[in-house]
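Quick note: the coordinates plus some simple rules give every number you see, no bench work behind them. The structure presented is a predicted model; accordingly, all values stated were derived computationally and were not measured. Positions of Cβ are backbone-derived with ideal geometry, glycine not excepted, and every protein chain shown enters the neighbour counts.
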Amino acid sequence: MPSGDLVHATGRGTIGIVAKGRPVAALVSALIPAVALVAGLPFVNRLEPVVLGLPFLLFWILGWVLVTPVFLAVAYVLTDTKADRTAGGAGR
C-alpha cells in the first residue's frame, strides 16, 4: 500500500495508522445487508413467486442472512491493515 494512503492519527498519546477512504468503504459494505433487509421489505413482501418452496419474502430474508457474512468479511478486510496485524491487534 502506498504511503500516501496512510494517515497517522494521534489520540491519548498513541499513534494509530488509518487508511484513507477504507473506513467509509467498510462502513458501506457493512450497511448494505441491513439496508437491503429493511428497505427492500416493502418491495418483496409477496406470496408469489415461490422460490425453493418458500414465499419470496422469506427467501429474501434467508438469502440476505446467508450473504451478510460475506459483506462483513469485506468490511473487515478493508479495515484490517498490515500495521494492525504486526502490532498484534493493539490498535483495536
Practice item. Extending each Cα 7 Å along its Cβ direction at Val38 and Ala73, get the distance between those two points in nm, one decimal. Key: 2.6
Study note, to complete from the structure: Counting only residues 5 or more apart in sequence or on a different chain, those whose built amide H sits under 5 Å from that of Asp80 are none
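By counting other Cβ atoms within 10 Å of each Cβ, how are Phe43, Phe56 ranked from fewest to most?
Numbers: Phe43 9, Phe56 16.
With the sparsest Cβ surroundings first, the list reads Phe43, Phe56.
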Practice item. Kindly state, to the nearest 0.05, the FRET efficiency for Val24 paired with Leu62, given R0 = 25 Å and r defined as their beta-carbon distance. Key: 0.30
